[in-house]
Amino acid sequence: MLPTFSILRPTTLDDALARLAAGEARIHGGGTDLLGCLHDGVFATPTVVSLGQVPGLAGISATADGGLRIGAMTTISEIVESDDITDRYGALAQAAAVVASPQLRNQGTIAGNLCQKPRCWYYRGDFNCLRKGGEKCFAYEGENQYHCIFGGDLCYIVHPSDTAPALAALGAICRVSGPNSSRSVPVEALHVPPSEDPRRETVLEPDEIITEIVLPPPAAGTRSSYRKVRARASWDFALAGVALVLRFDGDVVADASVFLSGAAPIPWRATGVERAITGKGLDDATIAKAAEAAVAGAEPLANNGYKVPLFQGLITDQLEAIRPRG
Ligand SMILES: Cc1cc2nc3c(=O)[nH]c(=O)nc-3n(C[C@H](O)[C@H](O)[C@H](O)COP(=O)(O)OP(=O)(O)OC[C@H]3O[C@@H](n4cnc5c(N)ncnc54)[C@H](O)[C@@H]3O)c2cc1C
């Protein structure tokens, strides 16, 4: 049952910030994750602050430098439908298209997608796990087939967002407003690994609001893609996913940014893959080395060893698909 809470609908950003600063409260974007968490007792709050009536937080527009601004309240569907995003930021369009279901994409917002809570069944269930303030991670010795193979330290969740790895690879920045100041946080630095704090998902303070996400203009020769593998064809989170943003100079990879989903508690930068392909053409031998590099250092748990060959196959497929054809 949904617990009792007050819902506030501020009509200015300043009012929304003041409501958050006034005491314990949670931000409501589209509510598709927040309300599920409240319903399931993952956490409680006396107050929910809806951003639905705050002007200026939605919509997609060009920036002066040729990049793109995506308002925090822009829905995932609006991102899928944007020709500009499809044409110039393919990884984001492809990631948004495989988020959840059409209904959830119509309601869920881009900022909510970045800030959603983990999907671990112990965290979401009746277990007082470490992330909820308890003593231990139950997944470590329990049912861990959907958990991480990298970056597990005290807590073994995987980050659930498809858009986060794509945005991180594209070099996107979150603009964040707080009660007294504003700041910029690269999406790559938004999420907190459990080694730093297993009870926190993002670097945001409870009274800070993401107002927009800004994408730099793609450099000439850039190609990008996102693909995830999931157990079911719809309504399912990534078992393994890869966001690639590669700048080609002719056939050679001049710059590479590669992030994995379904791999780690945060969008996981695959620096080994980046090193394996930068300065090289994507021939079969280079791709084979990149696939090996993708899983170097992986530490599978008892039930998720299948993710190692899955990531190798995914990296191989995606690099083959993105390489220029003579
Ligand atoms: C059945 C199901 C399947 C799903 N499958 C996928 C999937 O395959 N891939 C995927 O990526 N996601 C998936 N999701 C998650 C879904 O995409 C998210 O629920 C949605 O994107 C969250 O958006 P929202 O606006 O509804 O967030 P909300 O529920 O409103 O908020 C989520 C969190 O973000 C915070 N928040 C919201 N807006 C802001 C802001 N502007 N600034 C700071 N904090 C903010 C909230 O306080 C809350 O903690 C699934 C969800 C469900 C229920």
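Suppose every Lys and Arg Cβ carries +1 and every Asp and Glu Cβ carries -1, with no other charges. What dipole size does segment 1-131 come out with about its Cα centre, to the nearest 20 debye? Show your work: numbers first, answer last.
Numbers: 10 positive and 12 negative charges, 82 e Å.
About 400 debye.
Show me, bin by bin at 20 Å from 0, the whole-percent P(r) of the chain based on Cα pairs.
Result returned by the calculation: 32, 58, 10, 0.
What dipole magnitude, in Debye to the nearest 20, does the chain give about its Cα centre under +1 on Lys/Arg Cβ and -1 on Asp/Glu Cβ?
Working: 29 positive and 36 negative charges, 57 e Å.
Rounded to the nearest 20 debye, it is 280 debye.
Hey, could you grab the Kirkwood Rh for segment 154-300? Inverse mean 1/r over distinct alpha carbon pairs, Å, one decimal.
Values: mean 1/r = 0.0605 Å⁻¹.
Final number for the Kirkwood radius of segment 154-300 is 16.5 Å.
Using a 7 Å offset from the Cα along the Cα-to-Cβ direction at both Ala97 and Thr63, what is the distance between the two label points in nm, to one decimal?
Here the modelled spin labels are 2.5 nm apart.
Give the separation of the Cα centroids, segment 44-82 to segment 289-308, in Å.
Centre-to-centre (Cα) distance: 35 Å.
Using only alpha carbon pairs under 8 Å that are at least six residues apart, calculate the relative contact order of the chain and give it in whole percent. Intermediate results must be reported in sequence, preceding the final value.
Values: 730 pairs, mean separation 54.1, N = 326.
Once normalised by length, the contact order is 17 percent.
So for each of 287-296, 153-162 I average, over its residues, the number of other beta carbons within 10 Å; can you give me the resulting order with the highest mean first? The partial results should precede the final answer.
Values: 287-296: 19.2, 153-162: 24.4.
The most tightly packed comes first, giving 153-162, 287-296.
Counting heavy atoms of the protein chains only and a 1.4 Å probe, report the per residue accessible area for segment 50-172 as a whole number of Å². List each step's numbers first, then the result.
Numbers: 4810 Å² over 123 residues.
Result: 39 Å² per residue.
Just want to confirm a number: the relative contact order over segment 41-187, from Cα pairs under 8 angstrom separated by 6+ residues, in percent.
Details: 178 pairs, mean separation 26.0, N = 147.
In percent, rounded to a whole number, it is 18.
Please give the length that would be gained between Arg9 and Ser181 if that part of the chain were fully extended, namely 0.36 nm times their separation in residues minus their C-alpha to C-alpha distance (nm, one decimal). Please list the in-between numbers first.
Working: separation 172, 0.36 × 172 = 61.92 nm, distance 2.17 nm.
Contour length minus the Cα-Cα distance gives 59.7 nm.
Per the 1.4 Å probe, what fraction of the accessible area of the chain, in percent, lies on carbon and sulfur atoms?
Values: 7190 of 14150 Å².
That share works out to 51 percent.
At 10 °C and 1.306 mPa s, what whole-number value in µm²/s does Stokes-Einstein give for the translational diffusion of segment 259-326, with Rh from the Kirkwood sum over Cα pairs? Spell out each step's value before the answer.
On the way: Rh = 12.5 Å.
It diffuses with D of about 127 µm²/s by this estimate.
Of the beta bridges DSSP finds with both residues in the chain, what % are antiparallel, to the nearest 5?
Working: 40 of 46 bridges.
If we restrict to bridges inside the chain, about 85 percent are antiparallel.
Whole percent per 5 Å bin, from 0 to the bin with the longest distance: what is P(r) over all C-alpha pairs of segment 79-139?
4, 16, 19, 15, 12, 11, 10, 7, 4, 1
When the Cα atoms of segment 77-201 are enclosed in a convex hull and the volume is divided per residue, what value in Å³ results? Each step should come with its number before you reach the end.
On the way: hull volume 17.4 nm³, N = 125.
Looking at segment 77-201, the number lands at 139 Å³ per residue.
Report the calculated FRET efficiency for Lys289 and Asp197 (r = Cβ-Cβ distance, R0 = 25 Å), to the nearest 0.05. The partial results should precede the final answer.
Numbers: r = 35 Å, r/R0 = 1.39.
So the FRET efficiency works out to roughly 0.10.
Lys and Arg at +1, Asp and Glu at -1: add these up for the other residues within a Cβ distance under 14 Å of Glu24 and post the number.
Numbers: positive: Arg19, Arg26; negative: Glu205, Asp207.
With Lys, Arg at +1 and Asp, Glu at -1, the net is 0.
The values are calculated or read from the model by the stated rules, or taken from the named source; none is laboratory data. As the structure is a prediction and not an experimental result, all values here were calculated from the model. Glycine gets a Cβ as well: all are built from the backbone with ideal geometry, and neighbour counts include every protein chain shown. Side chains included, ligands, DNA and RNA excluded: accessible areas come from the protein's heavy atoms. Shrake-Rupley method; radii C 1.70, N 1.55, O 1.52, S 1.80 Å.
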